[in-house]
Amino acid sequence: METIDATAMELLANGIMKASAFLGAGICMGIGALGPGVGEGFVGGKACEGIARSPENQSLIMRTMLVGQAVSESTGIYSLVIALLLIFATG
Amino acid sequence: MAKGKGGMLRIFIVFLIIEVALVILSGNFSRQIQVVNEEGQFELTHAPVHFDLQAKISEEFQHDKYVADEGHPLEIYGSEGLYNFFAKLSEKFTIFGDPTPIGTFRLLRMLLIVDLVLLTIGFLVFRALKTRPSQPQILFELLYSMFDGFVEESLGKKLIKFTPYVFTIFLFLIVCNMIGMIPIPGFMEPTRNLNVPLGLGLMVVFVVHVTAIAVKGPVGYLKDYMTPLMPLDVIGEAAKGVSIAFRLFGNILGGAIIILVVSSLVKFVLLPIGLNLFFGMFVGAVQAFVFTMLALSYISVAISD
Amino acid sequence: MTMTAEIIQICSFLGAGIGVGIASVTSGVGTGIIADQANIALMKQPKAYDKLFSTMLIGQAATGTGGIFSLVVALLLLFGGFEQGVVHIHRAAAMLAAGLAVGLGAVGPALGAGYSGGEACRSIGRMPRQGNIIMGNMLIGQALSQSSSIFALVVSLLLIFSTPMAIEDPTAARLIQKFIAYLGSGLAIGLGTLGPGAGIGFVAGKANDAIGRFPRERAKVIRTMFLGAAVSESTAIYALVVSFLLIFAVG
């Protein structure tokens with residue numbers, strides 16, 4: 001049996017850990033962007049419909065749309081935060 | 001009108017024919033016909049073109065470091081005085097990135113050019129102000145009254161004083177996004193650098209909160225945040241500025257990279273014109289409008305109960 | 001490391017195949033939706049044949065944009081010859097991730113553009129007089145929804161052209177890090193454009209529907225469409241930022 005250098009082994013393990021953090025960051029942001037995107041689009045579409053039906057309430061509908069989208073975007077922001085943590089704060 | 005269209009088409013066709021003829025004559029795509037002046041007489045030669053896409057793109061991303069490492073000649077196009085001024089300035093103040101002066105210099109020079117364009121337009125329109133308006137005056141009055149309508153719709157009559165702010169952001173951004181189409185070496189959209197959109201986004205957040213305090217009073221303003229979900233609200237407020245900035249930056253930078261890569265793939269024949277039209281005019285105008293409208297809507301969300 | 005060139009070539013072929021394959025799934029579905037709605041509208045309103053036909057064709061062309069992007073990337077991967085010279089193994093991941101990014105990135109936008117085009121056709125069938133306005137709005141909506149597939153194209157072109165062929169200190173740890181970071185960036189932008197593309201398409205489709213029903217309110221509806229689409233794009237932009245970071249800032 002060959003003996004493996006302990007420091008080289010440690011370096012390799014460190015590299016693998018960082019590498020899996022990067023993969024995790026990518027998948028986290030990718031899948032995390034899925035739900036908010038569809039949800040915000042749904043909100044926007046319904047707001048278009050609503051404004052066409054009752055145009056006099058436009059500013060109210062638009063305000064509600066923006067608030068709703070901001071709330072539904074928060075999960076996207078969480079996954080962004082987690083991805084940034086995974087990229088910069090691990091290892 | 002029809003005559004003008006035909007003229008444009010004719011010019012376009014002539015340019016196309018010249019371009020295709022040049023490509024055919026030069027024979028090889030990686031070579032280009034150049035006029036050289038050797039030993040007192042002019043000569044047409046086939047000179048190889050060095051277009052290194054990889055270097056070009058990496059310059060896009062880390063141009064400060066790239067220029068410093070390669071010992072690349074600085075492309076400052078005869079404005080040494082301005083360059084030296086910025087070099088001195090950036091020794092003392094740096095905000096983001098490398099403290100090398102060339103990136104700062106390019107960005108600030110482009111911003112100055114944009115300001116100059118806006119000031120010139122403003123001066124020309126203002127000088128010829130009449131009761132019976134000229135065509136540019138009609139255009140700008142129409143735009144201004146349109147934005148006046150938007151502000152009145154979303155903020156109400158009391159806060160109509162926000163129109164100049166909103167309209168200034170719109171004009172600045174639309175000139176910024178379109179100035180990259182001018183084919184002069186060294187021209188780029190200032191919004192392609194993250195610092196400009198981020199600065200504008202921070203400004204928007206600042207204006208939103210100051211307006212909210214002014215309208216509701218400090219107590220009413222703080223009362224909005226006294227909920228169990230307070231940390232999330234704070235993150236959300238910060239995310240507004242970040243997302244509004246990154247949206248502008250990502251769209252403009254993506255367009256610039258696509259134009260660069262596709263142009264080099266088709267050897268700069270014809271397709272870049274259409275791409276420039278789409279990314280410069282359409283995406284640039286849409287993003288400027290979206291940034292402005294989002295700023296307005298953030299204010300209107302913040303001042304509503 | 002004598003196998004490196006072969007592995008890179010295998011990964012290029014894999015990326016090209018997977019990319020075009022995934023991208024063509026929803027391009028097909030989207031164009032099918034448009035044709036379906038156009039035929040239904042034609043059945044109700046045979047007089048509007050010209051407008052419906054041109055709207056259907058233009059909408060299908062815009063829906064297929066993502067597929068064309070992935071075709072371009074696949075041709076680059078197949079015939080680019082990126083395995084020559086001094087290369088290290090991390091380029092294999094860049095090739096595979098380029099194909100994955102542009103393939104997955106075409107899925108959502110194509111679905112969204114298909115929905116938007118279908119609603120436009122239905123709306124024209126209901127109100128043929130507003131055909132030009134609806135078609136213009138459909139094109140704007142599809143361009144907005146395809147902007148996320150443009151982000152995917154940007155990332156995959158960066159992965160192909162802008163990643164270094166060989167790195168300075170090729171230890172195993174560094175190579176693994178680069179390899180997986182590229183794979184992660186491709187997955188981030190590919191999966192991240194899925195939701196926003198479909199969402200923006202939904203916004204544009206509802207706007208087309210609303211314009212067809214209430215043509216007088218079109219200015220307000222179009223403004224709302226721009227705002228809703230822009231906000232729903234923001235998660236795609238976060239994914240773009242994360243993949244830029246994974247390509248350029250780590251490893």
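Rule-based calculations on the coordinates, nothing more; no lab input. Keep in mind that this is a model prediction, so the values were computed, not measured. Here Cβ is always computed from backbone atoms with ideal geometry, including for glycine, and neighbour counts include all displayed protein chains.
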Cβ-based exposure ranking for B:THR131, B:THR163, C:THR55, in which fewest neighbours within 10 Å come first: B:THR131, B:THR163, C:THR55
Where Rh is the Kirkwood radius over Cα pairs, Rg/Rh for segment C:5-248: 1.10
Distance between modelled label sites at A:ILE16 and C:ALA5, nm, 7 Å Cα→Cβ extension: 3.1 nm
Estimated translational D of segment C:106-211 in µm²/s (Stokes, Kirkwood radius over Cα pairs; 10 °C; 1.306 mPa s): 102 µm²/s
³J(HN,Hα) computed for each position of segment C:228-237 - Karplus, 6.51 cos²θ - 1.76 cosθ + 1.60, integer Hz, glycine/proline x: x, 5, 5, 5, 6, 7, 5, 5, 4, 5
Gained length - A:TYR78 relative to A:ARG53, 0.36 nm times residue gap less alpha-carbon distance: 5.5 nm
Spin-label pair B:PHE126/B:ILE273, simplified geometry with 7 Å Cα→Cβ offset, distance in nm: 3.8 nm
Of A:LYS46/C:LYS47; A:LYS46/B:LYS216; B:LYS130/B:LYS161; B:LYS161/C:LYS220; B:LYS158/C:LYS206; B:LYS240/C:LYS178, pairs whose Cα-Cα distance is over 26 Å: A:LYS46/C:LYS47; A:LYS46/B:LYS216; B:LYS158/C:LYS206; B:LYS240/C:LYS178
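What FRET efficiency comes out for the pair B:LEU22/B:LEU265, r = Cβ-Cβ distance, R0 = 22 Å, nearest 0.05?
Rounded to the nearest 0.05, the efficiency is 0.75.
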Segment C:6-109: mean projected area of Cα convex hull, nm²: 6.7 nm²
Residue exposure sequence - A:GLU10, C:GLU217, B:GLU237 - by fewest surrounding Cβ within 10 Å: A:GLU10, B:GLU237, C:GLU217
For segment B:162-305: span of alpha carbons on each principal axis (Å, largest first): 62, 31, 21
3J(HN,Hα) from dihedral phi, segment A:14-24, Karplus parametrisation 6.51/-1.76/1.60, rounded to Hz, x for glycine, proline: 4, x, 5, 4, 4, 4, 6, 5, 5, 4, x
Reduced Cα scattering model of chain A, Debye log10 I(q)/I(0), q = 0.10, 0.11, 0.13 Å⁻¹: -0.46, -0.51, -0.61
